[in-house]
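Here is the structure we will look at, set down as structure tokens.
The values are calculated or read from the model by the stated rules, or taken from the named source; none is laboratory data. Remember, predicted model here, so these are calculated numbers, not experimental data. For neighbour counting, all protein chains shown are included, and Cβ atoms are generated from backbone atoms with ideal geometry for every residue, glycine included. Accessible surface areas use protein heavy atoms only, side chains included; no ligands, DNA or RNA. Shrake-Rupley method; radii C 1.70, N 1.55, O 1.52, S 1.80 Å.
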Amino acid sequence: MAVKEYLSTQRSCTTCPYCGVGCGVTINKEERQNTSVISVTGDKQHPSNFGRLCVKGSALGETLGDHGRLLRPHLHGEACDWDTAMSYVASEFASNIREYGPDSVAFYLSGQLLTEDYYVANKLMKGFIGSANIDTNSRLCMSSAVAGYKRALGADAVPCCYGDLEEADLIVLIGSNAAWTHPILFQRMQAGKAKLVVVDPRASATSEMADLHLAITPGSDAALFNGLLNFLAQHNRLNHHYIQQYTQGFEQALETAQHWSLQQTALSCGVPAEKLLAFFRLFAETEKTLSFYSQGINQSSSGTDKNNAIINCHLATGRIGKIGAGPFSITGQPNAMGGREVGGLANMLAAHMEFKDSDIDRVQRFWNAPNMALNPGLKAVDMFRAVESGQIKAIWIMATNPAVSMPEAERVTEALRKCPLVIVSDCIADTDTARCADVLLPATGWGEKNGTVTNAERRISRQRSFLDPTGEARHDWQAICDLASRLGFGEQFNFAHPAEIFREHAQLSGFENNNSRAFDISYFSDISRYEYDTLKPVQWPVNRENPQGSARLFGDGKFFTETGRANFIAVKPRMPQQQIDISYPLWLNSGRMRDQWHTMTRTGRARKLLDHSETAEIQINPVDARKYGVDEGALVELRSAQGRMCGRAVLNSGQKPGELFAPIHWSQTLAQESKVSALIKAEVDPISGQPEFKQVPVQLQALPCKSFATLICPEPLAQNLWHWLQTHREENLLHWYRVPCQNGYRFELALSAPLNGRQLGAQLLQENSGVHWQQIETLNSQRWLAYSEQIELLIFASNDWQLLPDRRTLERYLQLEAPENPAHFLQVIPPGERIVCTCMQISRPQIEKAISQGVNSVEALGEALGCGTRCGSCKPEISQLLRIKLQQSAKKPEVAAMLETEIVRSAKELHPQKGLGKVYSA
């Protein structure tokens, strides 16, 4: 970039606020008259992504702006100033602590916070209020991984780095759809030389690109890896030297695993023995093996044991702390690890110290803390149960949406509604959780925040501000320090800049450490503000011995257990706490969609990110669809013993019969009863406290929809309609959802009887005398237009939702003035097409047409259409379309057989090496 261009565009580097990959982002901000034009690209110098961004990261610029932002503090629903709000919060906190004790208050935090926010919140609660009632939404995604690492390695310390993905010869993805959830890392895997084995009950974008897919029975992961450990022992593939020199507890772990023969493991996992044998051979014979695992392992009532079953196999083969090898738990959020570093979980103290006397004394002396918490606090599920019972009387929720993300979501919502004091800090004005708040505090959002985050490979990066705070928004650390000051602790929280907080955080990490704790960034104990502002990404530990950081851990065989040896854990596999039965005969799995993030408070602001999937889609095997009378695209209802959710059916042969999949993203602010968390019972892992999200017994039925309507509404009317939908319970209305678009919103309604559009419009417009109406009716459809100088309301209705017009065309009408002949807006428009490539706006029919014309590879389709040539997130889906089309066109049996995806190849075929002629018995 030329110097002149560099200066005029105010170029800055920050990090992406989405998943735990921690991609570097380059911001170019150009001032044009009265506006700023911001473009977002990948940071080519950042070692996490080297310039790559997924579709969500590429669209970050579209999520900026003050639309929908919380601009001022609110107290009991009325706008107020910060002093009024914080005076009330401090008074209520002090009153509750004085009358009921420190455990009557709580903080509930988020992996979206910066490390500096986390640090002051943890310090205030555990050192000065005197309670450990501070937990985080990381409890829902990472706590079983934390517990597994601590049991085995003695520390919450990921041993691997991203470079290992490119160095490995075999990568085993367990409970991870990385192609969608961590697409940049998946692309790094594909860029390497490794064979990919996917362990996942369902076919996914990731398994589409894999060499071998083990579609195991839900919840059987621990049995699988016990079977692998037994196989390694039976076939002399153990690293006996490593086991003897650096570990303990192997005999007990192996004794437990010896019950899991190949046949028993295959039976328990629901996988053919020959496929299981192919996997076991691959693992046994491949020294550079990396296990990459995520929520499918963690979100279980036995998630900690599953983690340890995987780690056992790496310890048994000595594959840890080495290039291209190790057990790699991949973080879900951008700063889940940073929160764990400071102690932002209820069962942690601070800086990787625990609730034991020596650590409590050490932290108390460092903080000069008057009211140290002496025992662990309440983990997330128990915390909200304590809110429900009245034990917790004041809770401050920061940067998260537990009314959507917690299991038993409706129960959590009711608990918050009756809690005497709920404070919510957020950058978004309206969330399901914000509706429960007594106090709303406007927080800075991405682009305004200034601090650090730590990604999944222990890499600390700067998140820099390039925008001024919107409205009266403040940084979360500033609001927390304000409360601390009002509670009488101003001297210990007199921070003026995040660099000062980071410096104290670094000092605590090295305080009386002496290599006894894995987390150590004491190299930054005297960091200046300039050094902080220019800090380059670095992996901890960063101390005197490792001033440039540490790519891998445990390569020297030294662990952070009491003996210095790694622990094998004897794992007895347990199936899910809940089981299907005659009332709830189907298993429901849940997770992320490709283009969305968490509860969509950010991604929902970028219109193009809804092109791939704009509503909650329920993946159903065609066999089950026939059994339950569900057609492609039908609206369906799922029920569990806890609640109900609705979504649109997508028939997918990659779902095994008897198993469903639903996305986690939709909330009541976006759609009627589409929260998957409302179905989930709060069964938790007894060690980690992490809830079991992945195996939920449900029942399925189609909704009796007779009519469907698309409503195009400019901004003011859209708000009227949205409030009307929230407050009215029309008997005919079965479901609704909304989609943001330029200058307004689009609403989709499903009804049990035809819609009277004129009647609904009259209620919303309140018979505005300046509004004119036009209407067209056919045998199967109705169209209404209300207009003045512009569109006021446009409604297309049909008895078949697939015949409704292309939505993008309708949305563009909001950008136009009313033409001389307004009936132009009521003309017939063909239905829309499913978008596969969001970046290039390439639809499924376009790709299928190109395939039918002889374009027969993902690369060739990219050259012909452009699909998959930007972020690459859509390549697995393109591959799937290509495979399906080729299978359909295959006429000869031998061609069809060649295209089968479930071929079991031998270990030699999958991973050719010298000396693999060994014969394995079953």
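Spacing of the modelled spin labels on T534 and E255, each 7 Å from Cα toward Cβ, amounts to 6.0 nm.
Separation of the range 52-113 and the range 776-849 by C-alpha centroid, Å? A separation of 39 Å, based on Cα centres. Among the protein heavy atoms, those of S769 account for about 110 Å² of accessible surface (1.4 Å probe, every chain in place). Taking loop as defined by DSSP and a crowding limit of 13 other beta carbons within 10 Å, which trypsin sites (Lys or Arg not before Pro) in the range 717-747 fit? Answer in residue order: R729.
I need the calculated FRET efficiency for the pair Q10 and E789, taking r as the beta carbon distance and R₀ as 35 Å, to the nearest 0.05. Efficiency, from the Cβ-Cβ distance: 0.35.
On the accessible surface of the range 596-669, probed at 1.4 Å, how many percent belong to carbon and sulfur atoms?
Carbon with sulfur: 48 percent of the solvent-accessible area.
The overall shape of the chain is oblate: from the C-alpha gyration tensor, with semi-axes ordered a ≥ b ≥ c, the ratio a/c is 1.5 or greater and a/b is no larger than b/c. Taking the square roots of five times each eigenvalue of the Cα gyration tensor of the range 699-771, the equivalent ellipsoid has semi-axes of 23, 15, 11 Å, listed largest first.
The value of relative contact order for the chain, using C-alpha pairs under 8 Å at least six residues apart, is 14 percent.
First check a/c for the range 513-653, with a ≥ b ≥ c the square roots of the eigenvalues of its C-alpha gyration tensor; if it is under 1.5, answer rounded, and if not, answer prolate when a/b is larger than b/c or oblate otherwise. Because a/c hits 1.5 or more and a/b fails to exceed b/c, the range 513-653 counts as oblate. For the range 290-306, the Karplus equation 6.51 cos²θ - 1.76 cosθ + 1.60, evaluated at θ = phi - 60°, returns couplings of 10, 9, 10, 9, 8, 5, x, 8, 6, 7, 8, 6, 10, x, 5, 4, 4 Hz by residue, with Gly and Pro reported as x. Before rounding to the nearest 500, sum -39500 (n - 2.57) across all DSSP H runs of length at least 4 in the chain and divide by the residue total; then give [θ] at 222 nm in deg cm²/dmol. My calculation for the chain gives -8500 deg cm²/dmol from helical runs alone.
Look at the Cα gyration tensor of the range 1-63: its axes a ≥ b ≥ c give a/c of at least 1.5 with a/b at or below b/c, and that counts as oblate. The 3J(HN,Hα) values that the Karplus relation (6.51, -1.76, 1.60; θ = phi - 60°) gives for the range 242-247 are, in residue order, 5, 4, 6, 7, 10, 9 Hz. Gly and Pro appear as x. A straight chain from V828 to N371 at 0.36 nm per residue would run longer than the Cα-Cα distance by 157.5 nm. Only Cα pairs under 8 Å and 6+ residues apart enter the sum, and on that basis the relative contact order of the range 316-453 stands at 15 percent.
In this structure the amide hydrogen of I428, modeled in the peptide plane, comes within under 5 Å of the amide hydrogens of L70, none closer than 5 places in sequence on its chain. Note on E62 and N514: the extension gain reaches 158.0 nm, defined as 0.36 nm multiplied by sequence separation minus the Cα-Cα distance. Ranked by solvent-accessible area (1.4 Å probe, protein heavy atoms only, all chains present), the residues R459, R237, R626 order from largest to smallest as R626, R237, R459.
Between the range 377-401 and the range 460-493, the C-alpha centres lie 22 angstrom from each other.
Here the contact order of the range 665-737, divided by its residue count and restricted to Cα pairs under 8 Å and six or more residues apart, works out to 32 percent. Take every DSSP beta bridge whose two residues both sit in the chain, then give the antiparallel share in percent to the nearest 5. In the chain, approximately 65 percent of DSSP beta bridges are antiparallel ones. What the chain shows is 37 Å² of accessible area per residue, with the surface traced by a 1.4 Å probe over protein heavy atoms. Dipole magnitude for the chain: about 2080 debye, using +1 per Lys or Arg Cβ and -1 per Asp or Glu Cβ, origin at the Cα centre. With a Förster radius of 51 Å applied to the beta-carbon distance between A762 and Q577, the computed FRET efficiency rounds to 0.50. For the pair D83 and D806, a Förster radius of 51 Å applied to the C-beta separation gives a FRET efficiency near 0.50, rounded to the nearest 0.05.
Ordering V623, V828, V198 from largest to smallest accessible area (1.4 angstrom probe), what's the sequence?
V828, V623, V198
Under a 5 Å amide H cut-off, with hydrogens placed 1.01 Å from N, A753 pairs with K706, S707 among residues at least 5 apart or on other chains.
The fraction of accessible area contributed by carbon and sulfur in the range 1-63 is 49 percent, rounded to a whole number (1.4 Å probe; ligands and nucleic acids excluded). The charge dipole of the range 587-702, taken about the Cα centre with unit charges on the Cβ atoms of Lys, Arg (+1) and Asp, Glu (-1), comes to about 240 debye, rounded to the nearest 20. In the chain the longest region clear of GluC sites (Glu not before Pro) that are loop-assigned by DSSP and have at most 11 other C-beta atoms within 10 Å covers 1-544.
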